[in-house]
Amino acid sequence: METRKIQLCQGEKYSFKLKGRGSAGYSWQHTIEGTPDSVEILIKTLSPKVKKTEDKMPPPTYNVDQLFTLIAKRKGHVKIHLLNHQSWEPKKEPLEELMLLVDIKE
C-alpha cells in the first residue's frame with residue numbers, strides 16, 4: 001500500500017487522479033479517520049478518452065478515471081484510506097490501496 005504525507009494550510013487544495021477499473025467492477029471507496037470536518041473531499045469522474053473502432057463505434061468496455069480533490073477547511077489531522085475493490089466481494093483483497101496522511105495548519 002502506498003502512503004502519501006500531505007501538508008496543507010487552510011484553503012489550500014490537493015488534487016490527484018486515480019485510475020478507474022469500472023469495466024471489471026472495481027470502484028474507489030474511502031474512509032476518513034481523525035478530524036473529518038477539517039477537510040472536504042470532492043470526487044469528479046473524468047471524461048474518458050475513448051478511441052473509436054474502425055466502424056466508428058466506441059469500444060465495448062473502457063475505464064473512467066476519477067479526480068480526487070482535498071480542500072483544507074480547518075486545522076487538524078486526517079487519515080484517508082482509499083480502496084479500489086469490487087463492492088460485492090468485501091472480504092477479497094482490494095486491487096489497489098492508498099493511504100493519505102493529511103496535516104492541515106492554520
Subset of the range 60-80 (residues that are over 14 Å from T35 (Cα atoms) and at pLDDT 95 or above): F68, T69
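Name the strands (runs of 3 or more DSSP E) wholly inside the range 1-59 in which the number of residues that are modelled with pLDDT of 85 or more and under 12 Å from L70 (Cα atoms) is 2 or more. Before the answer, list the steps.
Working: elements: 2-9, 13-18, 26-34, 39-45.
It comes to 2-9, 13-18, 39-45.
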Tally of residues being surrounded by 12 or more Cβ atoms within 10 Å (Cβ to Cβ), out of contact with any Leu (no Cβ under 7 Å at 6 or more places or on another chain) and closer than 19 Å to H77 by Cβ across the range 17-35: 3
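Select from the range 77-103 the residues that are aliphatic (A, V, I, L, M) and in contact with an Asp or Glu (Cβ under 6 Å, 6 or more places away or on another chain) and list them in ascending order.
Filtering the range 77-103 for residues aliphatic (A, V, I, L, M) gives 78, 80, 82-83, 95, 98-102.
Of everything in the range 77-103, those that are aliphatic (A, V, I, L, M) and in contact with an Asp or Glu (Cβ under 6 Å, 6 or more places away or on another chain) turn out to be L83, L98.
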Flagged in the range 1-16 as out of contact with any Asp or Glu (no Cβ under 6 Å at 6 or more places or on another chain), loosely packed, with under 13 Cβ neighbours inside 10 Å and either without any contact (Cβ under 8 Å) to a residue 60 or more places away in the chain or of a type in the set (A, V, I, L, M, F, W, C) (or both), in numbering order, are C9, K13, S15
Going through the range 77-91 one residue at a time, which ones are more than 28 Å from Q7 (Cβ to Cβ) and in a strand (DSSP E or B)? H85, Q86
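Does L101 fit the bill of being modelled with pLDDT of 85 or more, under 17 Å from M1 (Cα atoms) and more than 11 Å from the chain's Cα centre (by Cα)? Even if it seems obvious, please write down each step before you answer.
Values: modelled with pLDDT of 85 or more: yes; under 17 Å from M1 (Cα atoms): yes; more than 11 Å from the chain's Cα centre (by Cα): yes.
Yes, satisfied.
The values are calculated or read from the model by the stated rules, or taken from the named source; none is laboratory data. Given the structure is predicted, the values throughout are model-derived calculations rather than measurements. Note: ideal-geometry Cβ built from the backbone for every residue, glycine included; neighbour counts use all protein chains shown.
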